[in-house]
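Only the coordinates and a few stated rules stand behind these numbers; no lab work does. Nothing here was measured: the structure is a model prediction, and the numbers come from that model. Every residue, glycine among them, receives a Cβ derived from its backbone with ideal geometry; neighbour counts consider all protein chains shown.
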Amino acid sequence: MHSDFIKILILISTLLILTCRYYSKDRFQYLIKFWNIHRYFYFKKGITIHFFNLTNSFFLLTRLMIYSIFLYTYILPERYYDSEISSFIFIFSLLSSFIIIKFFCEQIISLIFNIKKEINEILRIKIGLKNLIVVHMYFFLMLLLFVPITKEIVVPTSVIIFSIYCFFAYFYLLKRLNINTSRKLLYFILYLCTFEIGPLLFIWIVVLKNMNI
């Protein structure tokens, strides 16, 4: 059985998902239907998603919450716990800092190389894709928490599933962007390697290392 603290976190995550559902309105259905994700961006003529609004803010908070719960429950070795609250806050803060630093690095690079328009288009599509992934990860996390599955099975299975989602997300991103020159293709490849694939590989290495502790 999970502790009361985990149950409280699950309740908060559920409320956040419901809040995302409320603010995203008709768009939310396309996050459930992976094959229809393009409708999330252009579900009505002339309407698309934006960077900073309440919908994306709540989705970001939900993403941080769900990923933190997963890392706290299945990755962080129990012997490192000072207290449940402090351990969770540490993980949550670490993820938040990573996202903030990553965002500002992307913006700085876009200014240095004069590709702000391209970077912003990538970020806009990425926001929608990550909103989709976090909705599915919420249901996946609920399954993990309420079905008795050993950590040795949960972690590799989760890595495989998340990697598959990322692959399709990057493939969709490549299709949606107007990459019609070798210069744009080079920037796109460098962007993925630097800001997406590289950090993921680092995280997986840390995860596997912790699993062997």
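Take each of the peptides 60-69, 10-19, average the number of other beta-carbon atoms within 10 Å over its residues, and list them starting from the highest.
On the way: 60-69: 21.1, 10-19: 15.9.
Averaged packing, sorted descending, gives the order 60-69, 10-19.
Please compute the modelled spin-label separation between Ser182 and Phe98, points set 7 Å along Cα→Cβ, answer in nm with one decimal.
It is 3.5 nm.
What distance in nm separates the two pseudo spin-label positions at Tyr22 and Glu152, each 7 Å out from Cα along the beta-carbon direction?
4.5
For segment 4-211, what relative contact order do you get, as a whole percent, if you take Cα pairs closer than 8 Å and at least 6 residues apart? Show your work: numbers first, answer last.
On the way: 114 pairs, mean separation 52.2, N = 208.
Averaging sequence separation for qualifying contacts and normalising by length gives 25 percent for segment 4-211.
Hey, with R₀ at 30 Å, roughly what FRET efficiency would Ile160 and Leu15 work out to, going by the Cβ-Cβ distance, to 0.05?
Values: r = 29 Å, r/R0 = 0.98.
The formula returns an efficiency of 0.55 here.
Highest mean first, how do 103-115, 128-140 rank when packing is the count of other Cβ atoms within 10 Å averaged over residues? The partial results should precede the final answer.
On the way: 103-115: 13.3, 128-140: 20.3.
Going by the mean number of other Cβ atoms within 10 Å, highest first, we get 128-140, 103-115.
Taking the number of other C-beta atoms within 10 Å as the exposure measure, put Phe88, Phe202 in order starting with the fewest.
Details: Phe88 21, Phe202 10.
In increasing order of surrounding Cβ atoms, one gets Phe202, Phe88.
Starting from 0.36 nm per residue, how many nanometres of slack lie between Ile85 and Phe171 once their C-alpha separation is accounted for? List each step's numbers first, then the result.
Values: separation 86, 0.36 × 86 = 30.96 nm, distance 3.78 nm.
Gain on extension, Ile85 to Phe171, equals 27.2 nm.
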